[in-house]
Amino acid sequence: MTTTRSNLNQFDAIADFVLNPDLVVPEAALKFASTLLIDTLGVAAGAVRLEVAKIAREFATDFHAARAPEYAAPMLFDGRRVSLPGAAWAAATQIDNLDGHDGYNPTKGHIGVAVVPALLCFAERHPDLTGREALTALAMSYEVAARAGQSLHATVSDYHTSGAWNALGVAALGCRLEGLDAGVLRQALGIAEYHGPRSQMMREIDNPTMLHDGSGMGALVGCSATFMAQRGFQGAPAVTIETCDVAPFWADLGQTWTVALNYIKPYPVCRWAHGALDALRKLMIEENVTADQVQAIHVRTFAESARLFAEMPETTSQAQYSLGFSLATLLVHGRIGPEHISADGLNDAQVSALVQRITAQEDPRHSARFPQGRWSDIAVTLTSGRVLHSGDANARGGPEAPMADAEILEKLHHMAGDVLPVDRINAIWAMRDTLLDPDSKFADLAKLVTAAP
C-alpha cells in the first residue's frame with residue numbers, strides 16, 4: 001500500500017487542469033470524445049430492455065427521489081425524473097451490463113460508462129451548456145479517471161473494478177460543471193476515492209453477475225461526492241491524486257490526451273475475449289470458415305481471458321464474460337448483438353453445440369502483453385481434418401486498429417435498432433459533429449437520449 005503523505009503541489013496542478021475555464025482540448029481529442037459519447041449512448045439504448053436495466057430504473061424511481069427539482073434528472077431512454085446521483089447510477093448500471101462500452105487498456109477498465117451518464121445528469125442543471133463546453137468537461141473527466149485508475153492499480157494489490165476509480169472522473173466533472181473551487185474539489189475527490197467500490201474484478205469474472213464492473217456505484221459515488229463536498233462534507237486526501245508515489249501518472253496531464261487512446265468495442269462482451277474473436281473473424285473472412293465446417297476451436301490467450309466463463313451461459317452476465325459462447329455466437333451469426341446475449345439468444349442450439357467444442361489455455365507470451373494489449377491466437381480444426389491457424393491477433397477498436405466511422409455507425413444501429421426508430425438513431429449520430437459547433441446546445445442531445453423509446 002502506498003504512503004498517505006500528500007503532495008499539495010501535485011494536487012494544485014491537477015485542480016488547475018480540472019477547473020480551468022479556458023481549458024483547451026486538442027481538436028482531434030475533442031472530436032473523439034464526441035464519438036465516445038455517442039457510442040456510449042448507443043450502448044445505453046441497446047441495454048434498455050435488459051432485466052438488470054429495468055431493475056435499476058425501477059430501483060432509482062423507488063429509492064432515489066429528489067426533494068427539489070434542481071437536483072433531479074431524467075433517466076436515459078426512460079424520461080422519469082429521479083435524483084441526479086440516482087439517474088447516474090441507473091444509467092451507468094444499464095450501460096455496464098451491456099458490455100459494449102469504451103475502455104482504456106492501461107486502466108484495465110472503463111471510463112465512459114460512468115462519466116457519460118454523469119455528464120447528462122449535471123448538464124440538466126445547466127441548460128445553456130454548449131456542446132463544446134460539455135465535450136471539454138467530458139474529455140477532462142476521461143483524463144482524470146484514466147490516471148486515477150492507473151494510480152490505483154499501481155498502489156494496491158487487488159485488481160479492483162472500474163467503479164473504484166472512475167468515480168474520481170465523475171467527481172471532477174461535477175465540480176467543473178458546478179463551478180466549484182479547488183478546496184471543494186479536493187474534498188470531492190477524497191470522498192469519491194474513499195467511498196468508491198473497492199470490489200474485486202476477478203471475483204466477478206469467476207462468478208458473473210449483475211454487479212459487473214462496479215461502474216454504477218462509481219457514478220453514484222462520484223455524483224454524491226460533488227454535492228456532499230459542496231455542502232461542506234470533508235473527505236480524506238485522495239491517495240491516487242496526491243501522493244508522491246503516483247506522481248508519474250499525472251506528470252503529463254494536459255499534454256498527453258488519453259481520451260484519444262480509448263478503444264471502441266465492436267462486440268458487447270468482455271474485452272478479454274476480443275483478441276480471440278478478431279482472430280476468428282480473420283479466418284471467417286480470409287478462409288470463408290462457417291459454423292457447419294468447424295470441428296473444434298482451441299484458443300491460446302492471456303491468463304485473465306483464459307478464466308472467462310467456459311460453459312453455455314444461463315444469464316446475460318455469464319454470456320458477456322464467456323469466451324466460448326462469444327466465439328460460437330460470432331461464428332453462427334456473424335456478429336454479436338444485444339439479442340444474442342439475452343433472452344432466446346441464451347438458448348441457441350447451434351451456439352450451444354459449438355461451445356462444447358471450444359477450449360482455451362493461457363499462453364505466457366500473451367499474458368506478458370496484458371494490459372497493454374489483448375492478444376490471442378486460435379487453431380480451428382475443420383470437419384475435413386484441416387487445421388487453420390489465425391496467428392496472433394490483438395483486439396481491434398483501439399488506436400492501433402481503430403474502427404471506421406461507418407462501422408461505429410453500424411454498431412449504433414445494431415445496438416439501438418430494437419429500441420429506437422432509425423430517424424432518432426441518425427439524429428443522435430448527427431449530434432457527434434453538431435456538438436463541436438461553438439453555437440450548439442448540449443440540451444439538444446439530451447432531449448434525444450432521455451425521452452422514453
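Annotations for the structure displayed:
- Look at Glu133, Glu242 and count the other Cβ atoms within 10 Å of each Cβ; fewest to most, that gives Glu133, Glu242.
- Taking other C-beta atoms within 10 Å as the exposure proxy, Ile38, Ile285 rank Ile285, Ile38 from fewest upward.
- DSSP bridge orientation in the chain - percent antiparallel, rounded to nearest 5: 75 percent
- The spacing between the range 24-86 and the range 227-241, judged by their C-alpha centroids, is 24 Å.
- Global geometry of the range 1-129, whether rounded, prolate or oblate, following the gyration tensor of its Cα atoms and the 1.5 cut on a/c: prolate
- Proximal lysines relative to Lys447, as straight alpha-carbon distance under 25 Å, when same-chain residues fewer than 8 apart are discounted: Lys31, Lys54, Lys411
- Cleavage-rule hits, trypsin sites (Lys or Arg not before Pro), the range 189-266, DSSP coil, Cβ neighbours within 10 Å at most 13: Arg231
- Taking a Cβ cut-off of under 10 Å around Asp418, the surrounding Lys, Arg, Asp and Glu residues balance to a net charge of 0, with basic ones at +1 and acidic ones at -1.
- DSSP-assigned coil residues among trypsin sites (Lys or Arg not before Pro) in the range 347-453, each with at most 11 further Cβ atoms within 10 Å: Arg386
- Once the chain from Glu51 to His413 is taken as fully extended at 0.36 nm per residue, the excess over their C-alpha distance is 128.2 nm.
- Shape class of the range 271-394 from the Cα gyration tensor (axes a ≥ b ≥ c, square roots of the eigenvalues): oblate, since a/c reaches 1.5 or more and a/b does not exceed b/c.
- Least to most buried among Val144, Val52 (fewest other Cβ within 10 Å first): Val52, Val144
- Kirkwood radius and radius of gyration were both taken over the C-alpha atoms of the chain, and their ratio Rg/Rh is 0.97.
- For the range 390-453, the spread of Cα coordinates along the three principal axes comes to 47, 32, 16 Å, biggest extent given first.
- The helix-only estimate of mean residue ellipticity at 222 nm for the chain, built from DSSP H runs of length n ≥ 4 each weighted as -39500 (n - 2.57), is -15500 deg cm²/dmol after division by the residue total.
- Taking Cα atoms only, the orientation of helix 215-230 departs from the longest principal axis of the chain by about 0 degrees.
- Crossing angle, helix 323-333 versus the chain [Cα axis fit, 0-90 degrees, rounded to tens]: 70 degrees
- Separation in nanometres of the label points that stand 7 Å from Cα toward Cβ, at Asp181 and Arg386: 7.3 nm
- Between 0 and 90°, nearest 10: helix 27-46 axis offset from the chain longest Cα axis: 70 degrees
- Protection proxy ranking of 59-72, 160-173, by the mean of other Cβ atoms within 10 Å over each peptide's residues and highest first, is 160-173, 59-72.
- The length gained by stretching the chain between Ser352 and Arg231 to full extension, at 0.36 nm per residue less their Cα-Cα distance, is 38.1 nm.
- Computed FRET value (nearest 0.05) for Asn288 with Asp444, which takes r as the C-beta separation and R₀ as 51 Å: 0.70
- Shape category assigned to the range 89-246 from the gyration tensor of Cα positions, a/c cut at 1.5: oblate
Every read-out reported here was derived from the displayed coordinates using simple, explicitly stated rules and does not represent laboratory data. This is a predicted model, so every value here is computed, not measured. Glycine gets a Cβ as well: all are built from the backbone with ideal geometry, and neighbour counts include every protein chain shown.
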